[in-house]
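Peer 1: Supplied in structure tokens, the structure appears directly below.
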Amino acid sequence: MIIDELEKIKENILKELADVKDIKSINEIKVRVFGKNGVITNLSKGMRDISPEERPKIGALINEARVLLTDAIEKKEKVLEDEVLALKLATEKVDITQPGKDVKLGALHPINDVIDKLTDICVNMGFSVVEGPEIEYDYYNFEAMNIPKNHPSRDMQDTFFITEDILLRSQTSAVQAREMESRKPPFKIVCPGKTYRNDSDATHSPIFNQMEGLVVDENVSMADLKSMLTILMKRLFGEDTAIRFRPSFFPFTEPSIEVDVSCPNCHGKGCSTCKGSGMLELLGAGIVNPKVLEMSGIDSKKYKGFAFGFGLDRTAMILDGISDIRNLYKNDIRFLDQFK
Ligand code: PHE
């Protein structure tokens, strides 16, 4: 009985397999044969009712059928899978002669480019790069820089106050005050970063960038400052750059100077970049006022310092020939794309 049944199952399934055209039907067959209620599964369950003498023989036959059918199903599966793959390969050909998709490459913003160039030069000269908060205490921005409350020199910088004591830093000098407080001389630092003043036209933006440098050591002189700035400017604008130093005033330096460089666009002849003068005003600098050192806890009898600070926007505008500072803050891709 069981033997006949087995033969019939084998015959039917093999016949069915021969006609099967897709993997889904194979899965259905698998369930019908080996599933919980599958025909082979049920036959195995039926072994209980078979006499002990016959059991080994029938068991072996069921096993044989199981192996045979499993094998046949696997083979058919493989054939169908190969067919699917072959069809895929035939229809999904990749045309390697097609041009690739356009990848849009970004570029450094002119300001970041200048920061990279300047900090590279300064790091080569032994400076460390430091940063500080943009929302700053009045104390670090002004008082520690020898600009007391209500002092007229505050008018040099039209400042955005948040409260009476907190402001948007108007100069990166604030970072120097913080660093002088926490460092032990000798040290050489530069601090690039965003600064804010209430000013807006083609050459002034309420948000702009400065980089300030500070050297504190035992024997620091105006000669060191001048030679360092000369090297810095020549490395940035080119070896043939001429440098001019003029006396000036800043509350935090004494004596103070302003530094001009020959226009890299016309090499001093006069053009629209330098408004015909051949020179460009670029930096404020000087020997750190001993009062400023003392306020930050540095012994001004033992140590001296020099400091310099300049606008990075102006520097980027000169280097990249940009005429309106506001373009630097509009995030207009058409403008920025030029600097790739
Ligand atoms: N902090 C000054 C300014 O923003 C520039 C400066 C820095 C001058 C360091 C002298 C020394 O105007």
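The values are calculated or read from the model by the stated rules, or taken from the named source; none is laboratory data. Since the structure is predicted, the reported quantities are computational estimates derived from the model, not experimental observations. Neighbour counts run over all protein chains shown; Cβ positions are idealised from the backbone, glycine included. Side chains are part of the model used for accessible areas, which takes the heavy atoms of the whole protein and leaves out ligands, DNA and RNA. Shrake-Rupley method; radii C 1.70, N 1.55, O 1.52, S 1.80 Å.
Peer 1: Determine the calculated [θ] at 222 nm for the chain from helices alone, applying -39500 (n - 2.57) to every DSSP H run no shorter than 4 residues and normalising by the residue count; nearest 500 deg cm²/dmol. Please list the in-between numbers first.
Peer 2: Working: 11 runs with 138 residues, N = 340.
Computed mean residue ellipticity for the chain: -12500 deg cm²/dmol.
Peer 1: So which residue, out of Gln171, Gln98, Gln157, gets the largest mean-square fluctuation from a GNM of the chain using Cα contacts under 10 Å as springs?
Peer 2: Gln98
Peer 1: How big is the charge dipole of the chain about its Cα centre, in debye rounded to the nearest 20, if each Lys and Arg gets +1 on its Cβ and each Asp and Glu gets -1 on its Cβ?
Peer 2: On the way: 46 positive and 54 negative charges, 55 e Å.
Dipole about the Cα centre, nearest 20: 260 debye.
Peer 1: Placing unit charges on C-beta atoms (Lys and Arg positive, Asp and Glu negative, everything else neutral), compute the dipole magnitude of segment 112-225 about its Cα centre in debye, rounded to 20.
Peer 2: The calculation lands at about 140 debye.
Peer 1: Amide H of Phe250 versus every other amide H placed in the peptide plane: which residues, excluding those fewer than 5 positions away on the same chain, fall under 5 Å?
Peer 2: So Phe250 has HN proximity to Ser256.
Peer 1: Further question on the same structure: For Ile333, what is the net charge nearby, where nearby means another residue's Cβ is under 12 Å from its Cβ and Lys, Arg count +1, Asp, Glu -1?
Peer 2: +2
Peer 1: To the nearest µm²/s, what D does Stokes-Einstein give for the chain at 37 °C and 0.692 mPa s, using the Kirkwood radius over alpha carbon pairs as Rh?
Peer 2: After rounding, the answer is 123 µm²/s.
Peer 1: Identify all aspartates and glutamates with a Cα-Cα distance to Lys57 below 18 Å; exclude those on the same chain that are fewer than 8 residues away in sequence.
Peer 2: Hits, sequence-local ones excluded: Asp4, Glu5, Glu7, Asp49.
Peer 1: Where nothing but the Cβ of Lys and Arg (+1) and of Asp and Glu (-1) is charged, how large is the charge dipole of segment 2-91 around its Cα centre, in debye to the nearest 20?
Peer 2: Dipole size: approximately 280 debye.
Peer 1: Calculate what fraction, in whole %, of the accessible area of segment 151-192 sits on carbon and sulfur atoms when a 1.4 Å probe is rolled over the protein chains.
Peer 2: Roughly 52 percent of what the probe reaches on segment 151-192 is carbon or sulfur.
Peer 1: Same structure, new question: State in Å² the accessible area per residue of segment 151-233; use a 1.4 Å probe, count heavy atoms of protein chains only, and round to the nearest integer.
Peer 2: Values: 3660 Å² over 83 residues.
Ligands and nucleic acids excluded, the figure is 44 Å² per residue.
Peer 1: Here is a follow-up. Skip the ligands, DNA and RNA, and give the accessible area per residue of segment 2-91 with a 1.4 Å probe, whole Å². Don't skip to the answer; put the middle values down first.
Peer 2: Working: 6250 Å² over 90 residues.
Heavy-atom accessible area per residue stands at 69 Å².
Peer 1: Could you pull out every whole DSSP H run in the chain that spans at least 15 Å of Cα extent along its own axis and averages -0.5 or higher on the Kyte-Doolittle scale?
Peer 2: Result, helices passing both filters: 2-19, 23-34, 55-91, 110-124, 222-237.
Peer 1: What residue among Ala307, Ala285, Ala90 shows peak mean-square fluctuation when the chain is described by a Gaussian network model with Cα springs under 10 Å?
Peer 2: Ala90
Peer 1: A further question on this structure: State the percentage of accessible surface on segment 2-91 attributable to carbon and sulfur atoms; use a 1.4 Å probe and exclude ligands, DNA and RNA.
Peer 2: Looking at segment 2-91 in its full context, I get 58 percent from C and S.
Peer 1: A further question follows. Could you tell me what percent of the accessible area of segment 273-312 is made up of carbon and sulfur, with a 1.4 Å probe and every protein chain present?
Peer 2: Details: 860 of 1630 Å².
Result for segment 273-312: 53 percent of the exposed heavy-atom area is carbon or sulfur.
Peer 1: Excluding residues fewer than 8 places away in the same chain, name every one of the aspartates and glutamates whose C-alpha is closer than 19 Å to that of Lys275.
Peer 2: In chain and number order, the partners are Asp201, Glu258, Asp260, Asp313, Asp320, Asp324.
Peer 1: I would also like to ask the following. Using the charge dipole of segment 215-340 (Lys, Arg: +1 at Cβ; Asp, Glu: -1 at Cβ; taken about the Cα centre), state which of Gly284, Ser221, Gly270 has its Cα farthest towards the positive end.
Peer 2: It is Gly270, whose Cα lies furthest towards the positive end.
Peer 1: If you average the C-alpha positions of segment 258-289 and of segment 174-234 separately, how far apart do those two centres end up, in angstrom?
Peer 2: 18 Å
Peer 1: Once the other residues with Cβ under 11 Å from the Cβ of Asp224 are scored (Lys, Arg +1; Asp, Glu -1), what is the net sum?
Peer 2: Values: positive: Lys188, Lys226, Lys304; negative: Asp217.
For residues surrounding Asp224, the net value is +2.
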